[in-house]
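Structure first, commentary second.
The values are calculated or read from the model by the stated rules, or taken from the named source; none is laboratory data. Not measured: the values here are computed from a predicted model. Ideal geometry is used to build each Cβ from the backbone, glycine not excepted, and the neighbour counts take in all protein chains shown. Ligands, DNA and RNA are stripped out before the accessible areas are found, and what is left, the full protein with its side chains, is counted by its heavy atoms. Shrake-Rupley method; radii C 1.70, N 1.55, O 1.52, S 1.80 Å.
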Amino acid sequence: MSNSFDLEDAPVAPAAAPPYLETLNDAQRAAVEATEGPVLVLAGAGTGKTRVLTTRLAHILRQGKARSWEVMAVTFTNKAAREMRERVAAILGMPIEGWWVGTFHATGARMLRSHAEVVGLKPNFTILDDDDQIRLLKQIAAPHHFDERRWPTRVLMGQIQRWKDRGLSPAKVSGAEGAEIADGGLLALYHEYQERLKSLNAVDFGDLLLHCLTVFQERPDILAQYHEKFRYLLVDEYQDSNVAQYLWLRLLAQQRRNICCVGDDDQSIYSWRGAEVGNILRFEQDFPGARIIRLERNYRSTPHILAAASRLIAHNAGRLGKTLWTDVGEGEKLRVSGLWDGEDEARMVADEIESLHGRRKPLNEMAVLVRAGFQTREFEERLMRRAIPYRVIGGPRFYERQEVRDAVAYVRVVAQPDDDLAFERIVNVPKRGLGPATLQTLHKLARAEGIPLTQSTQRLVETDELKPQARSVLQKLMADFDRWRGLVGQLHHPDLAAQILEESGYTAMWKSLTRADKSLEAAGRLDNLKELIAAMEDFETLEAFLEHVSLVMENEQSNAGDKVTLMTLHGAKGLEFDTVFLPGWEEELFPHRRALDEGGASALEEERRLAYVGLTRARERVHISFVANRRIYNQWQSAIPSRFIDELPPENVDVVSRPGLYGSGAGRPGLAEAPATFLGGRRLRRERRDAEWPATAGSRSGFAPGQRVFHQKFGYGRITTVDGNKLEIAFEKAGVKKVINSFVEAA
């Protein structure tokens, strides 16, 4: 007897409701039993989304509506796909064979191998990983002589992948769209890249669905086979789907229309990865007559948390609408605290963690969720001083990040010229055209003479051992280090570090990458460098700071054991904790100014969805905090509480707004007025925000009328007027344009 599940194994018409339906609430059961026609399940945070998805799949099989190989379920992660298989097998009491449950990429690859010849491939094609993609594109780009510093290969590849995420083959990309990238040469590079992949019988991850779209569009007979094959389609996390995934699903579902998408428009926070919230918002337009089922009963959070989250997200216009509720006890109100500065904020959070832990609350159930990665630094250091174990999820600890280690290495070479490891790390960062042969020559002399690399370099630049270009580059670098060492003791060490990063070209390197690559990771690099400079203010000397960094790096990091979790809000989606700390709720930090400058109103709505995600991670308690002053890049700036605080319902919030609560503020910048939040009729000082933001932005920009600047899209031009952070520029080729100052650089 086979142990796999088949149509013959299930009763056609069971006399009573199966046990797995009895455990569902009314909305969940409706979502499971609505098997026919298009269905959108709007599953709010903590409402049992996974249970509905897996039970629906089991129900279809148990009721004999389809055999296992006639159902396709797609997810975004292998973990989710594996969990779905295990749960369905547990419900049915037997393993299931021959079915199509997997990620978008895995399912696309399975289809493509069956029809590879349609797109000029063989079925045994290779799927290239990220490193192979970069290496291949670098080979193709080499003859074009692109400026690697301005247009790094990884950035060019990122744009190609964004085109693929939108379902755009080279033939479908307009010339105008690619004109601003790599001097207009990226589209031709995309053509060459795709041809080279074909000659290698290879694809990248973006091709797995892009080629499937081509197959379906060019061979309707093949698409018809899949229409016949799949009776039901199930999709998880639909709000995170990109355009290519959306087009692929729509083609597969267009005949039978038995598609069920589960997702939450209020948790769409990955537009920078290509996710398109419009996919879920227009579901009813794409599938007329679709049924919308809302899962609103929350099994995670308290009524105060849910009420606050629902009121906040209701300010978004681009949503389908739902209101979370629960029947559990009232619980604690959200706490909103106003502090003097980031140091006080970190101290307050550490105090609260110690207090909760003293009441036998496990550290594993506490999380500090930040908007930007650089914010973790002060919390890491405070927790370490208090001997409170912590883990950083979704990225390295602050001092282990690449850009921070590079910057510290520059400073170490200045303070400690014999530090070979630091010198070796940065001698060719940013790229200075030094090849392996040059570095081997430096090492050879250092080993032979028993001297540090800096000394061997100094000797070699005075000889003809090195090629002229390498010798010239190293002469300048060594002269820079001598000059910087001469400034030790004369310049305040944070100012010296900032000058080193500027004059070495290191800051400029990340600015260039950030302009070209709009991902959160790229944008966060410069923020981390600014935070590093600010951290140095806490130490009397450069040597004291470097000793501190060494001690921090010695602190062992293991994710095992009872530890507080530090992570970004983007990384926290899908997780839950008893206690959640949400620091940094200030304008320009959250909502993030860069996001608003680049995305406008739609970006503000995504920032609000991010706040909603943060609130709904908490089961029992939420601590929101903001500060009166932030030290950014060694400069104090007055901070204004986030508009999101004003959007919280006052009846669900306890406000503690006392600057100086954790310190007298002696020697700190004065505060013109308390940054109090006025919830429920006591409004924030909006007029202060609106009046001061542009002036503050303008004063920080350093741009002036008559100055020559460069814009990635419009080229070179001269500023005619400055209005806060808005510039009017007469471009040499594009005419007069108004732009935000963060999009230009001095020429």
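Observations, loosely collected:
- Considering only residues in the range 74-105 that are within 34 Å of the chain's Cα centre (by Cα) and β-branched (Val, Ile, Thr), the one that is surrounded by the fewest Cβ atoms within 10 Å (Cβ to Cβ) turns out to be 77.
- Extreme residue, surrounded by the most Cβ atoms within 10 Å (Cβ to Cβ), among residues of the range 421-446 that are in a helix (DSSP H, G or I) and β-branched (Val, Ile, Thr): 438
- Residues in the range 532-567 that are among the polar types (S, T, N, Q), modelled with pLDDT of 80 or more and surrounded by fewer than 21 Cβ atoms within 10 Å (Cβ to Cβ): 541 alone.
- Among the candidates 491, 474, 460, 466, the residue that is under 30 Å from residue 538 (Cβ atoms) and of a type in the set (A, V, I, L, M, F, W, C) is uniquely 491.
- Scan of the range 253-293 for residues that are farther than 13 Å from residue 41 by Cβ and among the aliphatic types (A, V, I, L, M), ordered by number: 253, 269, 275, 277, 281
- Segments classed as helices (runs of 4 or more DSSP H), wholly inside the range 106-183, with at least 3 members that are open to solvent by less than 30 Å² (accessible area, probe 1.4 Å), at pLDDT 85 or above and at negative phi: 130-141, 153-165
- Filter result for residue 199 (open to solvent by 70 Å² or more (accessible area, probe 1.4 Å), more than 18 Å from residue 105 (Cα to Cα) and among the hydroxyl-bearing types (Ser, Thr, Tyr)): yes
- When residues of the range 693-747 are limited to those that are on the phi > 0 side of the Ramachandran plot, part of a loop (DSSP other than H, G, I, E, B) and open to solvent by less than 50 Å² (accessible area, probe 1.4 Å), the one modelled with the lowest pLDDT: 724
- Residue in the range 184-203 that is nearest to residue 715 (Cα to Cα), counting only those that are aliphatic (A, V, I, L, M) and outside any helix (DSSP H, G or I): 203
- Given (1) within 15 Å of residue 233 (Cβ to Cβ); (2) open to solvent by 10 Å² or more (accessible area, probe 1.4 Å), index of the condition residue 25 fails: (1)
- Extreme residue, farthest from residue 205 (Cα to Cα), among residues of the range 229-263 that are among the basic types (Lys, Arg) and either surrounded by 24 or more Cβ atoms within 10 Å (Cβ to Cβ) or out of contact with any Lys or Arg (no Cβ under 7 Å at 6 or more places or on another chain) (or both): 257
- Residue count for the range 383-404 satisfying the condition of being small (Gly, Ala, Ser) and farther than 24 Å from residue 351 by Cα: 2.
- Reported count of residues in the range 312-334, each being within 25 Å of the chain's Cα centre (by Cα) and touching a residue at least 40 places away in the same chain (Cβ under 8 Å), is 8.
- Residue-level analysis places residue 417 outside the set of residues that are out of contact with any strand residue (DSSP E or B) (no Cβ under 8 Å at 6 or more places or on another chain), open to solvent by 10 Å² or more (accessible area, probe 1.4 Å) and over 30 Å from residue 472 (Cβ atoms).
- With respect to (1) among the charged types (D, E, K, R); (2) open to solvent by less than 30 Å² (accessible area, probe 1.4 Å); (3) assigned to a strand (DSSP E or B), the lone exception for residue 266 is condition (3).
- Any hit, the range 119-135, residues being hydrophobic (A, V, I, L, M, F, W, C) and closer than 21 Å to residue 225 by Cα: yes
- Flag if residue 224 is open to solvent by 30 Å² or more (accessible area, probe 1.4 Å) and either in contact with a Ser or Thr (Cβ under 8 Å, 6 or more places away or on another chain) or modelled with pLDDT of 95 or more (or both): yes
- Residues in the range 394-418 that are in contact (Cβ under 8 Å) with a residue 12 or more places away in the chain and not in a helix (DSSP H, G or I): 7 in all.
- Contacts under 7 angstrom Cβ, first residue in the range 45-60 being closer than 14 Å to residue 264 by Cα, partner assigned to a helix (DSSP H, G or I) and polar (S, T, N, Q), 6 or more apart: 45/267; 48/28; 52/28
- Residue in the range 123-137 that is β-branched (Val, Ile, Thr), in contact with a helix residue (DSSP H, G or I) (Cβ under 7 Å, 6 or more places away or on another chain) and more than 18 Å from residue 185 (Cα to Cα) present: yes
- Pairs meeting the criteria (first residue in the range 94-120 and touching a residue at least 12 places away in the same chain (Cβ under 8 Å) and more than 14 Å from residue 207 (Cα to Cα), second residue among the hydroxyl-bearing types (Ser, Thr, Tyr) and crowded, with 20+ Cβ neighbours inside 10 Å, beta carbons under 7 Å, at least 6 apart or on different chains) are 96/68; 97/68; 98/68; 99/68; 100/107; 103/75.
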